[in-house]
1. Which pairs do you get when a residue that is among the basic types (Lys, Arg), found in the range 164-180, comes within reach of a residue that is assigned to a strand (DSSP E or B), reach meaning Cβ atoms under 9 angstrom, with the pair 6+ apart or on two chains?
2. Only one of 95, 83, 36 is closer than 30 Å to residue 123 by Cβ and in a helix (DSSP H, G or I); which?
3. Can you name the condition, by its number, that residue 47 falls short on among (1) open to solvent by 70 Å² or more (accessible area, probe 1.4 Å); (2) part of a loop (DSSP other than H, G, I, E, B); (3) touching a residue at least 40 places away in the same chain (Cβ under 8 Å); (4) among the charged types (D, E, K, R)?
4. If the requirement is being closer than 10 Å to residue 90 by Cβ, out of contact with any strand residue (DSSP E or B) (no Cβ under 6 Å at 6 or more places or on another chain), outside any helix (DSSP H, G or I) and hydrophobic (A, V, I, L, M, F, W, C), which of these qualifies: 42, 6?
Amino acid sequence: MGNKLITFTDQQIVNYQDCTFFTRKEILRVYKKFKDMKPDLIPCTMKKNEAYSIKIPVECLEELAEFKENPLKRRIFEVFSRDGKGTLTFEDFLDMLSVFSEAAPRDIKVFSAFRIYDFDNDNFIGPADLDTALTLLTKQELSLEERQQITEKVMEESDVDGDGKLSYLEFEHCITRAPDFLSTFHIRI
């Protein structure tokens, strides 16, 4: 009794609860998962700026069971990392898992999905973005011609203003028609 290790102050936990979709217990579970990846690097107690300065390398993140088989894992880590290179601080990791939690609202998930599929970071999903996604998702099993046909069909059905790329609103309209989007865009903690 009384020998409990304090990982975060009560104020830190409250702050994390305010800016995520997690409970106190879930935040501590996320921290344990984060620490278990690199126990020699991650301290037992997060002090000062450690929660947003200590980074887990992308190679360690790729080994997480929740992402191991995901062909978009590297892109997901890039989108949620402060440095854009895929290395994640605890706060990046917490933010990422919060978006993938069942409690995250649909609009947050759609916005994050848009960012993930916008490979060139131009705030649009163009043919090149779709081709990259198709290549990753199909493990390069489609020919260039097959990918082009799929890309053309997606653009034909989703590019409302005809500018050859999908804006966020066009993507949102398209993705909300996908009945399994919410059930597949999540990770259980």
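The values are calculated or read from the model by the stated rules, or taken from the named source; none is laboratory data. Keep in mind that what you see is a predicted model, and the values were worked out from it rather than measured. With ideal geometry, Cβ positions are generated from the backbone for all residues, glycine too; neighbour counts draw on all protein chains shown. Only protein heavy atoms, including side chains, enter the accessible area calculation; ligands, DNA and RNA are left aside. Shrake-Rupley method; radii C 1.70, N 1.55, O 1.52, S 1.80 Å.
1. 165/125
2. On the way: 83 fails: in a helix (DSSP H, G or I); 36 fails: closer than 30 Å to residue 123 by Cβ.
Of 95, 83, 36, the one residue that is closer than 30 Å to residue 123 by Cβ and in a helix (DSSP H, G or I) is 95.
3. (3)
4. On the way: 6 fails: closer than 10 Å to residue 90 by Cβ.
The unique qualifying residue is 42.
Yes/no per residue for (1) under 18 Å from the mean Cα position of the chain (by Cα); (2) open to solvent by 50 Å² or more (accessible area, probe 1.4 Å); (3) modelled with pLDDT of 95 or more:
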position: 78; (1), (2), (3): yes, yes, yes
position: 83; (1), (2), (3): yes, yes, no
position: 113; (1), (2), (3): yes, no, yes
position: 116; (1), (2), (3): yes, no, yes
position: 119; (1), (2), (3): yes, no, yes
position: 126; (1), (2), (3): no, no, yes
position: 149; (1), (2), (3): no, yes, yes
position: 159; (1), (2), (3): no, no, yes
position: 171; (1), (2), (3): yes, no, yes
